[in-house]
Structure formats: structure tokens, C-alpha cells
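Reviewing the structure listed below.
The values are calculated or read from the model by the stated rules, or taken from the named source; none is laboratory data. All values reported here derive from a predicted model rather than from experimental measurement. Positions of Cβ are generated from backbone atoms using ideal geometry, with glycine treated the same way; all protein chains shown enter the neighbour counts. These accessible areas exclude ligands, DNA and RNA; they are computed on the full protein's heavy atoms, side chains included. Shrake-Rupley method; radii C 1.70, N 1.55, O 1.52, S 1.80 Å.
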Amino acid sequence: MRKKIVAVAFGGFSPEYEVSLKSAYSVINAINREKYDIMMLGITNTGQWYKYTGAVDDIPNDNWHKDEKHLSKAFISPNRGGGVLVFDNDGTAAISVDIVFPVLHGRYGEDGTVQGLCELAGIPVVGSGSAASALCMDKDRAHKLISLEDITVPKSICFDYFPANETLLSAVKTLDLPIFVKPVKAGSSIGVTKLDNYADVTAAVEEAFKYDNVVIIEEAIKGKEVGCSVIGNHELKTGRANEIEVSHGFFNFKEKYTLETSKIHTPARIDSESENKILEAGKKIYKALGCRGYARIDMFLKDDGDVVFLEANTIPGFTAHSQLPRMMKAVGMDYPELVDTLLELGLQVEQGLWYG
């Protein structure tokens with residue numbers, strides 16, 4: 001049997017571009033070369049697509065796109081069965097691929113756009129499809145849906161326009177301090193501000209609007225910040241729950257990728273009953289949002305034992321040391337096995353086993 005071709009898409013026109021490079025480097029190195037051939041599809045931070053044939057080591061340091069001899073303009077054709085169109089000195093070629101592994105964090109990658117393109121082309125993807133990806137990226141709509149599942153969500157207000165100061169202050173004062181101001185559709189805590197007063201809310205909303213056209217303002221939740229990893233299509237498997245310990249402030253972009261003053265405990269420092277409650281809530285949220293393949297579900301565990309849903313990440317940080325892989329490693333699934341499993345789950349959708 002021929003080896004299947006995996007197109008690993010990385011980079012992207014997103015504030016999380018650099019995070020994607022590091023995740024993709026880990027994924028590419030972990031793919032089983034005895035089972036798969038790899039096509040590297042790099043997307044610059046200005047949104048230009050290329051087939052990349054250079055050294056994998058030049059991806060995480062962002063040197064991959066600087067040597068033109070290893071670049072050919074390329075993109076996924078929306079034509080059914082069109083594969084990847086590659087443009088080089090020899091002309092145009094259509095290359096068939098068996099599956100796309102989008103390692104694209106944030107906007108224009110995690111939000112269902114690339115997944116929708118693959119669905120048009122008839123190419124399976126690793127992870128959730130376009131509808132679930134878009135829904136999970138939208139914190140407000142995800143909260144509204146999950147609240148119907150009898151799972152607690154933060155009290156919040158949302159704006160799809162910049163309100164007058166009086167309107168904004170009047171609305172935000174219905175929330176108890178402290179509060180978080182966030183872009184509705186962004187990841188890695190980019191554009192997020194934590195406030196202990198109402199006076200600075202206008203500046204915080206201005207900052208959030210730099211990254212999205214909708215802003216959500218939420219009450220902060222008191223308790224332990226915890227996470228649940230879920231993998232699977234029909235039958236679901238979870239890792240150990242983890243816990244984020246923050247010495248001050250909140251788990252912002254810098255802390256997520258440096259851990260200068262924060263710690264991630266895997267497993268979480270909680271009793272087995274609380275952990276089971278988190279894992280069951282994670283699976284329930286995963287199913288309700290229509291996820292497949294894998295996702296990291298972020299939650300809070302309150303002192304009274306209640307679980308509060310924060311967000312679902314359909315393409316979470318994905319180096320071997322990232323949260324989801326570490327949670328899965330804690331139940332015996334190492335990183336190469338995890339990557340292999342996700343590819344198999346993506347191919348199951350093509351074979352109709354998603355519904356099995």
C-alpha cells in the first residue's frame with residue numbers, strides 16, 4: 001500500500017503565527033514516516049501560501065520563507081478532488097493529498113475557514129470541521145449553547161460595536177469585579193485585559209477590538225483554573241485534568257509560553273471526584289459543540305465544586321510540552337502516538353466511521 005500524504009498547514013495570518021510555527025515543528029517531526037509522506041504548506045503572517053521543501057528546523061525560528069529555492073506558491077483548490085495546486089518554474093501541478101493537518105492557531109485557521117476550504121475540496125482534516133471550529137472560536141455563542149447543557153458559564157455582556165462611554169459603563173456595572181475584557185474570536189489570551197475597576201474598561205475594550213469585531217466582557221470566576229483534553233470522534237478518551245497556578249494577574253500570552261511566574265500541574269491538585277466531574281463536563285461540552293478529533297476544554301472548578309466552562313480550543317498549542325499532549329501523556333499516550341491517533345481519527349471521517 002502506498003503511504004498517505006499529509007499536508008501540514010502552519011503559520012497563518014494570525015496574531016498566533018509564531019505559536020503555530022512551534023506547534024507545527026513538533027507535529028512534523030512526530031509523524032510516522034513509514035505510514036505517511038508529508039507536504040509542508042506554510043502560510044506567511046501576511047497570508048501568502050507556499051509549498052515548503054526546506055529544512056524543518058527553519059520553521060520554528062521563522063526562517064522557512066526566506067529561501068525562495070524551497071518555496072513554491074501553492075494553495076488548496078476548492079474544486080472537488082483538486083488537491084493542492086502548486087506553481088513553480090515547471091508550471092502548475094495539482095497534487096493529491098489524503099488529509100490536511102491544520103496546525104493553525106487563532107483566526108483564519110482555527111476558526112473554521114481552512115476547514116471549510118478542505119470540506120469544499122473533499123479533503124479530510126485532523127480535528128473539528130468548519131461548523132464546530134467556528135462555534136468554538138466564538139466564546140459568546142459557545143457559552144450560550146453550553147448553558148443549555150446545564151453547565152455554568154461566566155456572566156457576561158457582548159458588543160459588536162463600540163458603544164458610547166455612558167452605555168458601556170452602564171452595562172459593565174451589571175457585572176461584579178474583577179472582570180475580563182476579551183475579543184470574542186481570538187486565542188492565547190491575545191487582546192485580553194483583566195480589570196479590578198470599571199474606570200479602565202474603555203481602554204480595555206479598545207484593545208480587544210484590535211483583534212476582533214466583537215468583544216465580550218465577563219465576570220472573573222473564583223476557583224481553580226483547570227483543563228480537560230478530549231480526543232475521539234464517536235468514542236471519546238480523556239487525559240488527566242490539569243491545573244494552572246498563577247502567582248498574580250492571569251494566564252496571559254506571555255505566561256502561557258514562558259511560565260515565568262506560573263505553573264501547570266498535570267494532574268491537577270484535586271481529589272478524584274472533582275477530577276471526574278471535570279472530565280465528564282469536558283466530554284459533554286465536546287459533544288455539544290460538535291467537536292471531533294481533539295480539543296482542549298478550559299474550565300474553572302469553584303470552591304463549591306461547580307464546574308464553569310470558559311472555552312473550547314479545537315487547535316490548542318501542540319508542542320510535546322503543551323497542555324493537551326501533557327494531559328494525554330499522563331494516561332500513557334506519548335506525543336508520537338497522539339499525533340498518529342489524530343491522523344487516524346481524521347481519516348475515519350472520510351471512511352464514514354465518524355457516525356459509527
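Which members of the range 112-131 meet the condition of being among the aliphatic types (A, V, I, L, M), in contact with a Phe, Trp or Tyr (Cβ under 9 Å, 6 or more places away or on another chain) and crowded, with 23+ Cβ neighbours inside 10 Å?
Hits for the range 112-131 are VAL114, VAL125, VAL126.
Given the conditions (1) open to solvent by less than 10 Å² (accessible area, probe 1.4 Å); (2) in a helix (DSSP H, G or I); (3) not acidic (Asp, Glu), which single one is not true for THR202?
Of (1) open to solvent by less than 10 Å² (accessible area, probe 1.4 Å); (2) in a helix (DSSP H, G or I); (3) not acidic (Asp, Glu), only one is false for THR202: (1).
List, please: which pairs have Cβ atoms under 6 Å, are six or more places apart or on different chains, and start with a residue in the range 210-225 that is of a type in the set (Phe, Trp, Tyr) and end with one that is at pLDDT 95 or above?
The qualifying pairs do not exist here.
Among the numbered conditions (1) out of contact with any Pro (no Cβ under 6 Å at 6 or more places or on another chain); (2) acidic (Asp, Glu); (3) open to solvent by less than 70 Å² (accessible area, probe 1.4 Å), tell me where GLU218 comes up short.
All conditions pass for GLU218, except number (1).
Picking from VAL114, VAL97, VAL84, VAL56, which residue would you name as being on the phi < 0 side of the Ramachandran plot, aliphatic (A, V, I, L, M), modelled with pLDDT of 95 or more and in contact with a helix residue (DSSP H, G or I) (Cβ under 6 Å, 6 or more places away or on another chain)?
So the residue among VAL114, VAL97, VAL84, VAL56 that is on the phi < 0 side of the Ramachandran plot, aliphatic (A, V, I, L, M), modelled with pLDDT of 95 or more and in contact with a helix residue (DSSP H, G or I) (Cβ under 6 Å, 6 or more places away or on another chain) is VAL56.
Could you list all residues from the range 137-157 that are touching a strand residue (DSSP E or B) at 6+ places or on another chain (Cβ under 8 Å), open to solvent by 30 Å² or more (accessible area, probe 1.4 Å) and either more than 22 Å from LYS222 (Cβ to Cβ) or assigned to a loop (DSSP other than H, G, I, E, B) (or both)?
VAL153, LYS155
Criterion first (in contact (Cβ under 8 Å) with a residue 12 or more places away in the chain, among the hydroxyl-bearing types (Ser, Thr, Tyr), open to solvent by less than 40 Å² (accessible area, probe 1.4 Å) and part of a helix (DSSP H, G or I)) does SER189 satisfy it?
no
Among the residues of the range 1-60 satisfying the criterion of being in a loop (DSSP other than H, G, I, E, B) and of a type in the set (D, E, K, R), which is surrounded by the most Cβ atoms within 10 Å (Cβ to Cβ)?
It comes out as GLU16.
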